[in-house]
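What follows is one structure encoded as structure tokens, with my remarks underneath.
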Amino acid sequence: MKLITHTIIICCGFLVSCYKPYTANVESNEKILVVDGLITNEVASYHISLSYALPFYSESTRQPVNSAQVYVSDDLGSYYPFKKLRNGYYISDSLQFTGHPGRTYTLYIETPDGKIYMSDPQRLNHEYYPDTIYAEVDYQKTISRFNEILVIIRGANILTDIRIHSDTLPRFRLTSNLVKQYFYALNIPPPPFDPPLYSFFCWETDNANPDLNLTDNDYSLNSSYINRNAVYFITDQTFFDAFEYGLGSQEPDLSYKAIASPNRKSYLIKHRVLYLNLYTLNNETYLYYKSMDEQLRSEGKLFDPIAVQLSGNINCTTNPDKKTFGFFEASSVSRTSYIIGFRNAMNDQYLITKIPCFLPPEPNGCWINKVPPFWVY
């Protein structure tokens with residue numbers, strides 16, 4: 001018995017003696033440029049965000065970069081300037097610059113301290129559209145908001161197939177959100193007798209899953225076809241808790257401003273509209289998002305990828321050893337929208353109807369006595 005006790009004590013001593021505190025070597029005084037930019041094939045103003053990642057022990061998280069010179073060049077020798085819209089935020093002129101698939105674009109930045117940064121050239125690939133959108137009944141685990149107990153809810157996975165009419169299979173990134181439209185009418189005084197009826201056309205937006213949604217060749221044995229790529233999980237609920245709005249001032253067109261109340265009420269969902277954005281990625285952009293996705297999905301398990309700094313495509317030409325963060329992306333995009341009908345109890349099917357893509361002016365809102373242009377009847 002004494003031998004066993006002595007053995008345990010000696011082993012514990014080895015464990016303690018092998019412990020060595022780790023002190024990170026933090027470059028606490030370095031200010032690093034962070035770049036976030038995207039150009040597409042859309043006729044729109046493109047955005048470039050510039051900020052400094054502040055020293056490690058700083059109380060702030062970022063510092064906008066103002067008074068920078070920002071422009072994009074293409075492989076034909078044309079240059080397109082970006083003007084400052086607000087602190088650290090630069091935009092292009094939509095009348096002067098539109099990305100063209102097949103061309104290659106490079107971002108140039110000169111910061112106020114005289115340092116020059118340049119991205120790797122980025123090819124803008126051609127856009128693609130989903131071939132089919134369909135729903136399959138499924139179940140999902142979630143936490144009940146009433147008693148915080150794990151429950152299983154019924155709904156459907158919205159899936160898409162993408163057919164590729166080319167010899168090589170591009171990679172795609174999908175983003176989506178679901179807009180729930182709801183309607184109610186109220187008689188609001190004055191007058192005390194027979195008060196007027198006001199119609200409230202309201203909507204709220206649910207964002208899709210937080211994980212990056214990337215396609216890969218593994219989704220299909222056929223290199224020209226992507227099968228069953230998940231887009232969104234939708235529940236069977238016909239009622240949901242949404243903002244209640246009050247009557248505001250009257251507008252010149254005789255409609256009224258809606259004032260959001262802090263209270264939420266249960267409303268019948270009139271329509272559910274799914275907005276799907278399909279980005280066609282070049283190989284460098286795909287690998288960047290792939291690395292990001294692997295780190296976001298890490299759960300702290302033994303064989304999870306090690307969290308490291310993502311390798312961006314921005315370089316400092318005046319000082320090649322200077323660190324930079326961020327990525328300049330050139331990706332074509334197609335935007336489509338669909339009405340997701342409610343499940344038919346007779347055959348467990350969901351009716352999905354493609355409609356013109358009109359986005360709401362803001363994620364959540366309400367118009368009173370005026371039908372929004374994106375409204376579904």
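The values are calculated or read from the model by the stated rules, or taken from the named source; none is laboratory data. Since the model is a prediction, treat every value here as computed from it, not as a measurement. Note that we place each Cβ from the backbone using ideal geometry, even for glycine, and neighbour counts take in every protein chain shown.
Data table
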{"item": "Extreme residue, modelled with the lowest pLDDT, among residues of region 292-331 that are of a type in the set (A, V, I, L, M, F, W, C) and crowded, with 16+ Cβ neighbours inside 10 Å", "result": "F325"}
{"item": "Qualifying residue in region 100-108 (condition: over 22 Å from the mean Cα position of the chain (by Cα), under 30 Å from L178 (Cα atoms) and touching a residue at least 12 places away in the same chain (Cβ under 8 Å))", "result": "yes"}
{"item": "L50 among the aliphatic types (A, V, I, L, M), assigned to a loop (DSSP other than H, G, I, E, B) and modelled with pLDDT of 95 or more", "result": "no"}
{"item": "Selected residue (criterion: surrounded by the most Cβ atoms within 10 Å (Cβ to Cβ)) from residues of region 236-286 that are within 30 Å of P121 (Cα to Cα) and of a type in the set (A, V, I, L, M)", "result": "L278"}
{"item": "Y90 being crowded, with 19+ Cβ neighbours inside 10 Å, under 21 Å from the mean Cα position of the chain (by Cα), of a type in the set (S, T, Y) and within 30 Å of K31 (Cβ to Cβ)", "result": "yes"}
{"item": "Those strands (runs of 3 or more DSSP E) lying entirely in region 96-170 with at least 2 residues surrounded by 19 or more Cβ atoms within 10 Å (Cβ to Cβ) and hydroxyl-bearing (S, T, Y)", "result": "116-119"}
{"item": "Condition check for Y71: closer than 30 Å to Y338 by Cα and touching a residue at least 24 places away in the same chain (Cβ under 8 Å)", "result": "no"}
{"item": "Filter result (at pLDDT 85 or above and surrounded by fewer than 16 Cβ atoms within 10 Å (Cβ to Cβ)) within region 190-205", "result": "P195, P196, L197, S199"}
{"item": "Strands (runs of 3 or more DSSP E) completely within region 306-377 that count 2 or more residues being farther than 30 Å from C202 by Cβ and not aliphatic (A, V, I, L, M)", "result": "314-316, 324-330"}
{"item": "Condition broken by G114, with the remaining ones in (1) at pLDDT 90 or above; (2) on the phi < 0 side of the Ramachandran plot; (3) not polar (S, T, N, Q) satisfied", "result": "(2)"}
